Amino acid sequence: MVDMETSEPIRRGLTARQAGLVGCVRCGTVHRRGTKECRTCGARLHSRDRMSLQHVWAWWFAGLFVYIPANLLPMLRTEILGRTVDSTIIGGVIEFIAHGDYFVGIVVLLASVAIPVGKFIAVAYLALSVQFGLKIRKHRRHVLFEVVEFIGRWSMVDVFVVALTAALVQLGFVISIVPGLGAVCFALSVAFTMLSAQSFDTRAIWDRIEEQDQT
Amino acid sequence: MTDTDLDRLIACPTCDLLHEVAPVEPGYKARCRRCHTVLIAPRRQSMDVAIALAVTTTVLMIGAVSFPFLSMSQSGLQKSTSILGMVAIFDHGLMIVAGAFVAMMVIALPLVRALALIYTLLPLRLGRKPAPGAKRVFLFAQWLLPWAMTEIFIVGTMVALVKLMGLASVSFGPAFWLYCILVVVVAFKDASVCKWSTWKLLNQSAAA
Ligand SMILES: [Zn+2]
Ligand SMILES: [Zn+2]
């Protein structure tokens, strides 16, 4: 039921940009090039968002900037009989492993070190591959963005653990545990890297793959 | 090409590849040929189900905030804390920032997303014109998706429990069970909404 004019770009496997059109990233509606606002959902249209990479890098640096103190400052401050013990992320992990709590140790290590560091590297790699046209394999790209989009937010689990631990222990027992400034920095770092990933115009990554397939 | 011609096309939001819009049977999903992003996924009685699940989410959240979440007992003393009590731990200086984060991700945003869905869909279900600003509300709810962290909070609870197990005996309050049900209901609610179909409906009823 599609006339020649609209079926042609589909048959040739074109993107909206290659067909001289603009697709809405929020709802998928297709517009003529030069349209400012989506007629379906009202979102602003960009054939490719030129500001996207700048936003990605801005949030990326903000995230990295607070991730450093998140590792150096205490996540938890424990008081036992007047004695204060500060524990950082790494210090906490070492303590768990030493006590034989491998499950907690590994969850905290994954959520607070492996996932955030992996996310910084993945976002930087994707952004650079778009900026400088680095070669990037289709499968690898897919895995990378999956990591960034779906796994990145799981880092927040550590902030919830700190909050719950402190809330429970503060119910008035001999020891008291309060969250440290490290927890604030860590929460901010996760939020900034999530904003960095959300600013990414993923279509730009697929454009690069298309160019390589054709050459 | 006119707008009507262009309405026969859909561009993948993730990779920009053009597809022809074809009727999709309820329960089936149309995915992008290149990157496999779900483009169209209509459901049977989708609006009734989505509204019902959004209302359930709201009720469960009110319950989860009102009742004790966890209780801890040590040498005969038993005390319990609610989710709000946990947020209140971050009570001074920069800590308030972290407290606000936890409150948003665990309580406020899942609730806002459920209410936004009711606000968007209920007038359509009743055959009325969309509520004022319905498009913006629906867009915002989509954007908020990764920021509502109900399932991550439950995993955090498990880790905190294992961590404190040696210290005292910890038991679950009613709010914990309500929150677990909420995690499942939210997942079904999010899966019940087909963005493409909802946008079409929003535009049809705005024009009618
Ligand atoms: Zn749109
Ligand atoms: Zn695609």
Mind counting the residues in the range A:43-98 that are in contact with a Lys or Arg (Cβ under 9 Å, 6 or more places away or on another chain), in contact (Cβ under 8 Å) with a residue 60 or more places away in the chain and open to solvent by 30 Å² or more (accessible area, probe 1.4 Å)? 3
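Restricting to the range B:1-21, name every residue that is aliphatic (A, V, I, L, M) and either in a strand (DSSP E or B) or away from ligand 2 (no atom under 16 Å from the Cβ) (or both). Show your work before the answer.
Keep residues of the range B:1-21 that are aliphatic (A, V, I, L, M), which gives B:1, B:6, B:9-11, B:17-18, B:21.
B:Met1, B:Leu6, B:Leu9, B:Ile10, B:Ala11, B:Leu17, B:Leu18, listed by residue number.
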For A:Arg33, which of the numbered conditions (1) within 16 Å of ligand 2 (Cβ to nearest atom); (2) open to solvent by 30 Å² or more (accessible area, probe 1.4 Å) fails to hold? (1)
Single condition B:Lys129 does not satisfy, out of (1) in a loop (DSSP other than H, G, I, E, B); (2) buried (at least 17 other Cβ atoms within 10 Å of the Cβ): (2)
For the list (1) of a type outside the set (Lys, Arg); (2) away from ligand 1 (no atom under 16 Å from the Cβ); (3) in a helix (DSSP H, G or I), I need the number of the one condition that B:Thr120 fails. (2)
Quick check on the range B:182-201. Is at least one of its residues without any contact (Cβ under 8 Å) to a residue 12 or more places away in the chain, within 16 Å of ligand 1 (Cβ to nearest atom), of a type in the set (Lys, Arg) and open to solvent by 50 Å² or more (accessible area, probe 1.4 Å)? yes
Can you name every residue in the range B:31-47 that is closer than 12 Å to B:Ser197 by Cα and part of a strand (DSSP E or B)? B:Leu39, B:Ile40
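For A:Thr84, are the conditions met, namely being farther than 18 Å from B:Val159 by Cα, away from ligand 2 (no atom under 16 Å from the Cβ), hydroxyl-bearing (Ser, Thr, Tyr) and at pLDDT below 85? Walk me through it before giving the result.
Details: farther than 18 Å from B:Val159 by Cα: yes; away from ligand 2 (no atom under 16 Å from the Cβ): yes; hydroxyl-bearing (Ser, Thr, Tyr): yes; at pLDDT below 85: yes.
Here the answer is yes, as A:Thr84 does meet what is asked.
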Go through the range B:16-30 and give me each residue that's away from ligand 1 (no atom under 16 Å from the Cβ), within 11 Å of chain A (Cβ to nearest Cβ), of a type in the set (A, V, I, L, M, F, W, C) and surrounded by 14 or more Cβ atoms within 10 Å (Cβ to Cβ). B:Leu17, B:Ala30
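I want to confirm something. Restricting to the range B:31-41 and keeping residues that are buried (at least 18 other Cβ atoms within 10 Å of the Cβ) and modelled with pLDDT of 90 or more, which single residue is farthest from ligand 2 (Cβ to nearest atom)? Before you say what the answer is, go through the steps one by one.
Taking the range B:31-41 and keeping what is buried (at least 18 other Cβ atoms within 10 Å of the Cβ), we get B:32, B:34-35, B:39-41.
Now narrow it down to the ones that are modelled with pLDDT of 90 or more: B:32, B:39-41.
Details: B:Cys32: 3, B:Leu39: 8, B:Ile40: 13, B:Ala41: 14 Å.
Per the stated criteria, the residue is B:Ala41.
Out of the residues in the range B:1-11 that are at the interface with another protein chain (Cβ under 7 Å from one of its Cβ atoms) and surrounded by 14 or more Cβ atoms within 10 Å (Cβ to Cβ), which is modelled with the lowest pLDDT? So that I can check it myself, show each step before the final result.
Just the residues of the range B:1-11 that are at the interface with another protein chain (Cβ under 7 Å from one of its Cβ atoms), to begin with: B:1, B:3, B:5-6, B:8-11.
Among the residues that remain, those that are also surrounded by 14 or more Cβ atoms within 10 Å (Cβ to Cβ) are: B:1, B:6, B:8-11.
Values: B:Met1: 62, B:Leu6: 84, B:Arg8: 87, B:Leu9: 90, B:Ile10: 93, B:Ala11: 94.
Only one residue fits best here, namely B:Met1.
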Filter pass, A:Gly28 being within 16 Å of ligand 1 (Cβ to nearest atom) and surrounded by fewer than 18 Cβ atoms within 10 Å (Cβ to Cβ): no
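Against the condition under 25 Å from B:Met95 (Cα atoms) and free of Cβ contacts under 8 Å to residues at least 24 places away in the same chain, how does A:Phe103 come out, does it pass?
no
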Is one or more of the residues making up the range A:5-19 within 16 Å of ligand 1 (Cβ to nearest atom), within 30 Å of B:Ala11 (Cβ to Cβ) and within 11 Å of chain B (Cβ to nearest Cβ)? yes
Under 9 Å between Cβ atoms, at least 6 apart or on separate chains: pull out the pairs that start in the range B:69-86 with a residue that is within 7 Å of another protein chain (Cβ to nearest Cβ) and in a helix (DSSP H, G or I) and end on any residue that is surrounded by 15 or more Cβ atoms within 10 Å (Cβ to Cβ) and among the aromatic types (Phe, Trp, Tyr). B:Gly85/B:Phe69; B:Met86/A:Phe160; B:Met86/B:Phe69
Do we have A:Arg48 as among the basic types (Lys, Arg) and in contact with a helix residue (DSSP H, G or I) (Cβ under 6 Å, 6 or more places away or on another chain) here? yes
Could you say whether any residue in the range B:13-24 is among the polar types (S, T, N, Q) and assigned by TED's automatic domain parsing to the domain that holds B:Ala141? no
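The values are calculated or read from the model by the stated rules, or taken from the named source; none is laboratory data. Keep in mind the model is a prediction, meaning the values are calculated, not measured. When we count neighbours, we look across all protein chains shown, and the Cβ atoms used for this are built from the backbone with ideal geometry, even at glycine. Just so you know, the surface numbers come from the protein's heavy atoms only, side chains and all, with ligands and any DNA or RNA stripped out. Shrake-Rupley method; radii C 1.70, N 1.55, O 1.52, S 1.80 Å.
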